[in-house]
Every structure is written in C-alpha cells, then in structure tokens.
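Computed from the coordinates by the stated procedures, all read-outs in this text should not be read as laboratory data. As the structure is a computational prediction, the values presented were derived from the model and not from experiment. FYI the Cβ positions are ideal-geometry reconstructions off the backbone, even for glycines, and counts take in every protein chain you see.
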Amino acid sequence: MAQLSQDLGAGWFSDPRTTRTVDEGRHKATAITARDDPLIVTLRLVIGQQSACRWGSRNHRKSSYASERILLLMDDTYLASGFADVDASSNTDAFSDCLVLLDSLPYFREYKQHTYELLNLSNGTSVLDVGCGVGDDVVRMAELVSPNGRIVGVDASASMIERATARDDLPSGLLEFRQCDAKALPFGDSAFDRCRIDRVLQHISEPTVSISEMVRALKPGGLIVAYDNDWGTFSINSGNVEVTRIVQDLWTSSFTSPWIGRYLRPYFVQAGLAEVVIYPSNSIICEFDIADKVYNLRQTLRRAVGNNMISEEEGAAWISELVELTKGGGFTCALTAYIAVGRKPPA
Ligand SMILES: C[S@@+](CC[C@H](N)C(=O)[O-])C[C@H]1O[C@@H](n2cnc3c(N)ncnc32)[C@H](O)[C@@H]1O
C-alpha cells in the first residue's frame, strides 16, 4: 500500500506518455495518457469489487471522482482517520508500528508516566485501559499493581488485540485483553478501581458516551484518567503561511473529534465526576522526518495536491523549507494535549 500511495503521489502525472499500473491485490490503479493529447489522462481504478474509469486533464484535474478514489487509496494508512477503524486498513502494521514509534519517544513516556501516577496504582488495584492498542501501558501498569491486581486492556481493533496478546513480555496471571467498542463496554457496573483512556477519544464520534461508559464501569470513589490532543493547537513554523494552514487544517479535520483535548474537563464534570483537574502538556518535535512519521506531513501534502488546494511545486517547496529549517535547528512542530483526572463520587 505504501508503494501504491507513493506511485499515486505528487510525481505520477509528470511523465505524460507512460501507462502506469500499480497492482496490490485488492487495489489496482492504471493511468493511461491519451495518444492524441498528452494532457488527457485516463485513469482506471479497481478497489475490491468496484472499478471505475474516468478521464481528467493533467493540468486542470477535472476528474473529481478519480481524485476521490486516489484519496481513498492514500487514506488507507492515514493515521488521523485510520485509527478510528484500524481493521479496515489493508496495512494494519502501519498503525501498530506507529504506536511502537510513539511509545519510544521521551515525550510519550513522560506523559504516560504522569497518567500512571495520577491513577495512584498499588498492589491489588484493578484497572481498565480503554483503547489499549498494542498494550504498552497495560504491561507497565501491571508491574505497578502486581501481584494481586488486575488489568484489562480493551480495543475496537482485532489486529491490535492480536498484537497485544502475542507480546512476549506479558506477566502471567493478572492481564486480560478483549476486543470491544469504547461506547459499549462489556463489563458490569462498578467493576474497576481505575479507568484510563489514552489518545482514543479523538477517534470516537460521541466521546461523552465512552466517558459515561467508563464512569459506569468504575467503582464509587474510583479514579478515571484521560489523555487527549487538542488539534486546534497544532502548529508548524513554516514561512509559507497559506500552505501551512492548509496542511494543518487537512490533518486536523481528519480526526473524528479533533478538539477533544479542550473538552475533557467539561465532559468529566458533565459525567458527574468530582475533583476534576486538568494538566496541559506540550509536545515539540524539532526534526521534520520525525514530525512526518508522527503527523503524516508528506501524505497530507499529497492530499492537498490531489484536492487542487496547492500545486505540486508549492508542496515540494514547503518540504524543502522544513528540511532546511531542521538542518539549521529551527524546525518546530508543536501540539498541546491535556491529561484529565476525576473521581467517581462515593455511593
Ligand atoms: C492512537 S491509538 C492509542 C493506543 C494506546 N492507548 C496508546 O496510547 O498507545 C488509538 C487506539 O484506539 C483504538 N480505538 C479507536 N476507536 C475505538 C473505539 N471506538 N473503541 C475502542 N478502541 C478504539 C484504536 O484501535 C487504537 O488502538
């Protein structure tokens, strides 16, 4: 899929006389330039059982249907939208690899450590981790509640649960992984001492439903901790304000609930939680290549080019500028997230 996305990226219109076919199982795309007019391109796309044939002008890109299908192909591993349904991707590894990369970064380790401290874990505590991904937090929290505690990690994605279950560092006895939707937790009322949810609500259409579900599953007096991003604060320090705004907005609007970070406190209060406190947390990335891996900057640019929002030249110049900024130590990509903690009132 990565190859296919690359082939359909910024450069693929550049050689007008070639016929190009990219075939990767379910997805197949062929672009043929009209013999009498190199500016007219026929594009045939096959996605699963569906196929489409459309033409477009190389210059004007008239075929909105074709560009929609290209975006669909490119979106298959797009992190901002893809985490809402990982199993729908033809490359679920892209998502688990992303979680492994993020978990290796110092910023992530630090805020995660802060969430464990706020949960006040000790031997014997029972914890539910909602949207546990590949299980990094579950394994670390298991150490803090052992030997008599209990940790359950749940995730909507079967492939994530499969990877979490296959880890070779799982302590025996106190761990369990289950596949389920955060909006319908398969646990009775008051089943856990603690609930934690980390970068999941941004992918959920009704985050208040998931928060209510966690409060229901929490024992009276128990603690709930959530961490999530406020994508309205996402910023990149390029000199090209117009392209930067387009990239920031495209990426941000691809999340299901992009402003969830700023809503954590009011949603916790609305859910009836007491002692609600929030902690803002700023991440700064100073290398373009890392920001690209974490925030899909190149992929977002290709979407912008495909949507005719910017030209290929503007996109290429934007990347060159950010690569140069990185070399000179001046690249800054920043985001504010929030940790929220609250207590279910005693019965
Ligand atoms: C960005 S990852 C975070 C994973 C993990 N919490 C961590 O910090 O590494 C988001 C996770 O939420 C899961 N997810 C998305 N929507 C969900 C839902 N409705 N219910 C449960 N899990 C969901 C995804 O499958 C993915 O594993």
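Structural remarks
- Gain in span if fully extended, H114 to E162, counting 0.36 nm per residue against the direct Cα distance: 14.6 nm
- For K344, K327, K183, order by how many other beta-carbon atoms lie within 10 Å, fewest first: K327, K183, K344
- Region 91-134 and region 221-300 have Cα centres separated by 17 Å.
- Shape category assigned to region 272-343 from the gyration tensor of Cα positions, a/c cut at 1.5: oblate
- What the Cα convex hull of region 97-343 gives, in volume per residue, is 124 Å³.
- Modelled FRET efficiency - R0 22 Å, E287 with E324, Cβ distances, 0.05 increments: 0.95
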